[in-house]
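S.K.: Have a look at this one.
The values are calculated or read from the model by the stated rules, or taken from the named source; none is laboratory data. No experiment lies behind these values; they were computed from the predicted model shown. Here the Cβ positions follow ideal geometry from the backbone for every residue, glycine too, while neighbour counts run over all protein chains shown.
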Amino acid sequence: MALSPELLDRFKQCAGHGGWTLDPDRIAPHLREWRDRYHGATPIMLMPDNRDAVASIIRLAAETRTPIVPQGGNTGLVGGQIPHPNGEELLIWMGRMNKVRSIDTNNNTLTVEAGAILTQVQEAAAAQDRFFPLSLASEGSAQIGGLISTNAGGTAVLAYGTMRDLVLGLEAVLPDGSIINALSGLRKDNTGYDIVRLLTGAEGTLGIITAATLKLFPQPRATFVAIAGVASPASAISLLTLMKADAGAMLTGFELMPRLGLEFVLRHIASARDPLSHIHPWYVLIELSLSGGASDRLLEIALARAIEEGLAGDAVIAQSAQQARDFWRLREALSEAQKFEGGSIKHDVSVPISAMPRFVDEATQAVLQAVPGARPIPFGHVGDGNVHFNVSQPVNTDRGSFVARWDEINDIVHGIASELGGSISAEHGIGQMKATEIIGYKDPGTLAAMRAIKRALDPQGIMNPGKIFPRD
Ligand SMILES: Cc1cc2nc3c(=O)[nH]c(=O)nc-3n(C[C@H](O)[C@H](O)[C@H](O)COP(=O)(O)OP(=O)(O)OC[C@H]3O[C@@H](n4cnc5c(N)ncnc54)[C@H](O)[C@@H]3O)c2cc1C
C-alpha cells in the first residue's frame, strides 16, 4: 500500500533537517546494486545524522507497521540493502553518521559511527600508529554498519578473523525503536547472551546499527607480498600449510588465482603485468606482516623451501610498496576483468580447507558437463577455505541464455560444497539472493531458532523484510 503524504511528513520530522530526500536523482543510485541484479523503489530516502533520529524513525515505523530497509555503502552482493520494487519500503541510508567518536590506544579500541567508510577507519587507526585489519576491494565505499551487518571477511581473515572477531561492542536501534547501548571495549564479558554477535551478520533484519567499538592492533613492522606459481589447488594447500608452520600469525594473506583468471586481468586491466616469467596453471598471492624481531628474510626463506620441496614452481617477492600493490591488484581485479568476458555465474562458498582441492575439481567437472565450454574461475581466500567459484560463459555464445542457467549452476556448485561440509555463503550473506535457497541447506533446528529470534525481536516483520528469510 502506498504511504500517505501525511505519514511521509511524520517520517521527515523524525529524520530532522537535511535528514531526508524525495529527489529521484539522488535516490536512484541507492536503488540498484553493484552487479545490477536487484532494482528497488522507495518513496523517500531517510538520512539521519544521529542515533536518536534513527530511534524516532524506527518507533514511528513500528507504530505504523512501515517496512524499513537499512543501507550503508550499497556494496553488498546479495541484494540485502535494496528495497522491494513495490515502492512500499522506506530506505534509511546511514552515511551521515560517520564520526570517529574516540580512540583508546591503551585498550586498542576505536569507537565509530555506523556510516563511516572502512578506509576512514583504517586511516584513523593509522594516525594513532594502530592497525585496523579488515580489508576488501570495496573498502573505499563500504560502511562500518554494512560491514558488521554482513560479517564481512576480506583478505586478512587468515590472521585477524571476520568482522565478528573485530567487533567488541555495538550501539543499535531494535525494531521497536528501543536502543541497545553495548559500546563496550571489553575483551572478556560473560554476562549472558551475546547480543553484539547476534546483530553482527544479521543483515539489518534485527535492527539498525548506529555505532561500534572495534579492535585495533599494533601496526605490522613490515609487510612482504609474493606471488608463487603452483601446479594445482592441492599444491596451494600444501604451500599454505608450510607457510603457516614458518610464519604462524604473521601470514596475513593467502589468495588463489587460476591462470585463466590472471589472463582475463592481463587482457582487460591496463596496468596489469604477468608476475612470473613462466606460465603456471595456478598462482598464489602470499602476504606476510612481520612483527617483533622476525627476520625480513622470512618470506624468502619459506618460499625457497617451498620451491625445493616442489610445492611451488617459481615465486617472486615484490620489491617495493608499489609492486606489492600491483600484485594485490592482480587478485582484486579478477571480478572486474571477468565482466569483460561476458556473463558470469557467481558463487561464494566455503569448505574445510582440506576439502578445497576436491571441491574445485568436482565443481569444475560438473559445471563443464552441464555447460561445455564454460570457463570456471575459482579464486579467492583459499587460506580461509573460501572460494569465489565464478563461471564465465563459453566464448562466442549468447550471454542471456548462459545467465538464465544461474539457478541450475548454483544448484550444482552448492550441492557439491554442501556434500563436502561447506557453506553456500562464506562471506557475502543471504540477502534476498539466497533467502529461499538457504532453506534447503541450513540445519532445520538452526533455521527454527533463527526464525524464533526474528519473531521475538521483530514481531511485525518491519526490519528489512524478505532478507535472510523469504517473504511469506
Ligand atoms: C568489489 C567488491 C568486493 C567485495 N569484496 C568482499 C570481500 O572480499 N569480502 C566480503 O565479505 N565482502 C565483499 N564484498 C561485499 C561487500 O562489500 C560487503 O558485504 C560489505 O560488508 C557491505 O557493506 P556496505 O556498507 O556497502 O553495506 P550495504 O551493501 O549497504 O548493506 C549490506 C547489508 O547490511 C545492511 N546494513 C547496512 N548498514 C546497516 C546498518 N547500519 N545497520 C543494520 N544493517 C545495515 C543492509 O540492509 C544489507 O542487508 C565486496 C563487494 C564489492 C562490490
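S.K.: Can you name the strands (runs of 3 or more DSSP E) wholly within region 77-132 that have at least 1 residues being crowded, with 24+ Cβ neighbours inside 10 Å?
M.R.: Values: elements: 90-93, 100-104, 109-113.
It comes to 90-93, 109-113.
S.K.: Please state which one of ILE57, ILE82 is in contact with a Cys (Cβ under 6 Å, 6 or more places away or on another chain), at pLDDT 95 or above and within 27 Å of ASP472 (Cα to Cα).
M.R.: ILE57
S.K.: With without any contact (Cβ under 8 Å) to a residue 12 or more places away in the chain and of a type in the set (Gly, Ala, Ser) as the only criterion, which of ALA452, ALA426, ALA435 stands out?
M.R.: None of the others qualify; the one that does is ALA452.
S.K.: Separate question: Does ALA270 qualify as being touching a helix residue (DSSP H, G or I) at 6+ places or on another chain (Cβ under 8 Å), not assigned by TED's automatic domain parsing to the domain that holds GLY154 and not in a helix (DSSP H, G or I)? Let's see the steps before the verdict.
M.R.: On the way: touching a helix residue (DSSP H, G or I) at 6+ places or on another chain (Cβ under 8 Å): no; not assigned by TED's automatic domain parsing to the domain that holds GLY154: yes; not in a helix (DSSP H, G or I): yes.
No, not satisfied.
S.K.: Which of the following residues is of a type in the set (Val, Ile, Thr), more than 18 Å from VAL54 (Cβ to Cβ), at pLDDT 95 or above and in contact with a helix residue (DSSP H, G or I) (Cβ under 9 Å, 6 or more places away or on another chain): THR162, THR210? Write out each step before concluding.
M.R.: Values: THR210 fails: more than 18 Å from VAL54 (Cβ to Cβ).
The match here is THR162.
S.K.: Out of all the residues in region 390-432, which are among the basic types (Lys, Arg) and in a loop (DSSP other than H, G, I, E, B)? Before you say what the answer is, go through the steps one by one.
M.R.: Within region 390-432, the subset among the basic types (Lys, Arg) is 399, 405.
The answer is ARG405, and nothing else.
S.K.: What residue, among those in region 32-76 that are in a helix (DSSP H, G or I) and in contact with a Pro (Cβ under 7 Å, 6 or more places away or on another chain), is surrounded by the fewest Cβ atoms within 10 Å (Cβ to Cβ)? Walk me through how you get there before you give the answer.
M.R.: In the first step, residues of region 32-76 are kept if they are in a helix (DSSP H, G or I); the result is 51-64.
After this cut, where a residue has to be in contact with a Pro (Cβ under 7 Å, 6 or more places away or on another chain) as well, the list is 54, 57-58, 62.
On the way: VAL54: 30, ILE57: 28, ILE58: 27, ALA62: 20.
Taking the candidates together, the pick is ALA62.
S.K.: Checking ILE416 against (1) crowded, with 16+ Cβ neighbours inside 10 Å; (2) touching a residue at least 60 places away in the same chain (Cβ under 8 Å); (3) hydrophobic (A, V, I, L, M, F, W, C); (4) at negative phi, which test does it fail?
M.R.: In the conditions (1) crowded, with 16+ Cβ neighbours inside 10 Å; (2) touching a residue at least 60 places away in the same chain (Cβ under 8 Å); (3) hydrophobic (A, V, I, L, M, F, W, C); (4) at negative phi, ILE416 misses (2) alone.
S.K.: Out of (1) closer than 18 Å to SER289 by Cβ; (2) under 19 Å from the mean Cα position of the chain (by Cα), the odd one out for ASP129 is which?
M.R.: If we test ASP129 against (1) closer than 18 Å to SER289 by Cβ; (2) under 19 Å from the mean Cα position of the chain (by Cα), just (2) comes out false.
S.K.: Please state which one of SER56, SER135 is within 12 Å of the ligand (Cβ to nearest atom), in contact (Cβ under 8 Å) with a residue 12 or more places away in the chain, out of contact with any Asp or Glu (no Cβ under 9 Å at 6 or more places or on another chain) and not assigned by TED's automatic domain parsing to the domain that holds SER291. Talk me through it step by step, then tell me what you get.
M.R.: Working: SER56 fails: within 12 Å of the ligand (Cβ to nearest atom).
Among SER56, SER135, only SER135 is within 12 Å of the ligand (Cβ to nearest atom), in contact (Cβ under 8 Å) with a residue 12 or more places away in the chain, out of contact with any Asp or Glu (no Cβ under 9 Å at 6 or more places or on another chain) and not assigned by TED's automatic domain parsing to the domain that holds SER291.
S.K.: Would you mind finding the one in PHE224, PHE254 that is more than 19 Å from the chain's Cα centre (by Cα), of a type in the set (A, V, I, L, M, F, W, C) and either surrounded by fewer than 24 Cβ atoms within 10 Å (Cβ to Cβ) or within 16 Å of the ligand (Cβ to nearest atom) (or both)? Walk me through it before giving the result.
M.R.: Working: PHE254 fails: more than 19 Å from the chain's Cα centre (by Cα).
Selected residue: PHE224, the only one of PHE224, PHE254 that is more than 19 Å from the chain's Cα centre (by Cα), of a type in the set (A, V, I, L, M, F, W, C) and either surrounded by fewer than 24 Cβ atoms within 10 Å (Cβ to Cβ) or within 16 Å of the ligand (Cβ to nearest atom) (or both).
S.K.: State which residue pairs qualify: first residue within 21 Å of ALA318 (Cβ to Cβ) and inside region 227-250, second residue of a type in the set (Lys, Arg) and crowded, with 22+ Cβ neighbours inside 10 Å in any location, beta carbons under 8 Å apart, and separation of 6 or more residues or different chains.
M.R.: Once the first residue is within 21 Å of ALA318 (Cβ to Cβ) and sits in region 227-250, no partner that is of a type in the set (Lys, Arg) and crowded, with 22+ Cβ neighbours inside 10 Å comes close enough.
S.K.: Next question. I'd like to verify a number: residues in region 12-26 that are outside any loop (DSSP other than H, G, I, E, B) and within 30 Å of the chain's Cα centre (by Cα), how many?
M.R.: Of the residues in that region, 6 qualify.
S.K.: I've got another one for you. Got a number for residues in region 164-219 being within 16 Å of the ligand (Cβ to nearest atom), of a type outside the set (D, E, K, R), part of a strand (DSSP E or B) and touching a residue at least 60 places away in the same chain (Cβ under 8 Å)? I'd like the intermediate steps shown before the answer.
M.R.: Here is the first cut: in region 164-219, the residues within 16 Å of the ligand (Cβ to nearest atom) are 164-167, 169-183, 195-214.
Now restrict to residues that are of a type outside the set (D, E, K, R): 166-167, 169-170, 172-175, 177-183, 195-196, 198-202, 204-214.
Checking which are part of a strand (DSSP E or B) leaves us with 167, 169-170, 172-173, 179-182, 208-214.
After this cut, where a residue has to be touching a residue at least 60 places away in the same chain (Cβ under 8 Å) as well, the list is 173, 179, 208-214.
Total meeting the criteria: 9.
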